[in-house]
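As structure tokens, the structure follows; a few thoughts come after it.
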Amino acid sequence: MSDRLSMLRKHNKMKRLSLSKAQQQKASFWICLRIARHPSFKKARVFAAYVATKGEASLAPLIKIGLNQKKVCLLPKITDGNLSFYPYRKKHILKRGCYGIKEPISSGQAYSLNDVDCIICPLLAFDTQGNRVGMGGGYYDKALAQIKNRSKKHIWGAAYSFQKTEKLTPERWDIPMHGIFTPNHHIQAMKTISAQARR
């Protein structure tokens, strides 16, 4: 890991944790509202969210909206070193996993991300090209790499505005996002725009 990424991770972790509960909740509310209002989310039948930890932007409001709209909500669980996604319903109990993050209890078969319409990823930093910096485990990149046709999916990030950074240099295994939602903006990834322009 480069010194820049190491410093970026450390800085954004500290900045997230410095936010008050009220600041986190307000920012998370607007992020979720922007996602919920997006036409692609409105049409989605199945979406994958995450359970926030360590000051991450929370998707709890979006999960509530999605379930009220009878969508299938999936949450991630680390199983045998891989990220699997299981359905979550209002009365389901979550248990802390190997990193202390709340996870669904495995019941039935995990969903394939090929069957998911929208995937919202946690992140520590992002750029306008759709590149993301995660916690460093590579779980999301491995999971997203299994999707057969990523151009037909909506892979989004949820982040605070201060997590935007200058251009990141992705590794060959990094999977870019199609867009990022912050409290104030929906940033469509420039890579996606360029690809559309060439068609």
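Numbers for the structure displayed
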read-out	value
Gaussian network model of the chain, Cα within-10 Å springs - most flexible of 60, 143, 22	22
Beta bridges by DSSP in the chain, antiparallel share as percent, to the nearest 5	55
Charge tally in the Cβ shell below 13 Å around residue 153, where Lys, Arg are +1 and Asp, Glu are -1, residue 153 excluded	+3
Relative counts (whole %) of C-alpha pair distances in the chain, using bins that are 5 Å wide	1, 7, 17, 21, 22, 18, 10, 3, 1, 0
Amide proton proximity set for residue 132, modelled H, under 5 Å, gap of 5+	177
Length-normalised contact order of the chain in % [C-alpha pairs under 8 Å, at least 6 apart]	21
Net charge, residue 162 excluded, C-beta distance under 10 Å - Lys, Arg +1, Asp, Glu -1	+3
Radius 13 Å from Cβ of residue 95, net charge of other residues (Lys, Arg +1; Asp, Glu -1)	+2
Cα-Cα over 32 Å, subset of 21/148; 42/142; 70/167; 10/71; 26/153; 90/142	21/148; 70/167; 10/71
Prolate/oblate/rounded call for the stretch 52-150, Cα gyration tensor, a/c under 1.5 rounded	rounded
Rounded to the nearest 20 debye, dipole of the stretch 3-198 from Cβ charges on Lys, Arg, Asp, Glu	600
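A short reminder: the numbers here are calculations on the coordinates, not readings from a lab. All of these numbers come straight from a predicted model, not from anything done at the bench. Don't worry about glycine lacking a Cβ; one is built from the backbone with ideal geometry, like all the others, and counts go over all protein chains shown.
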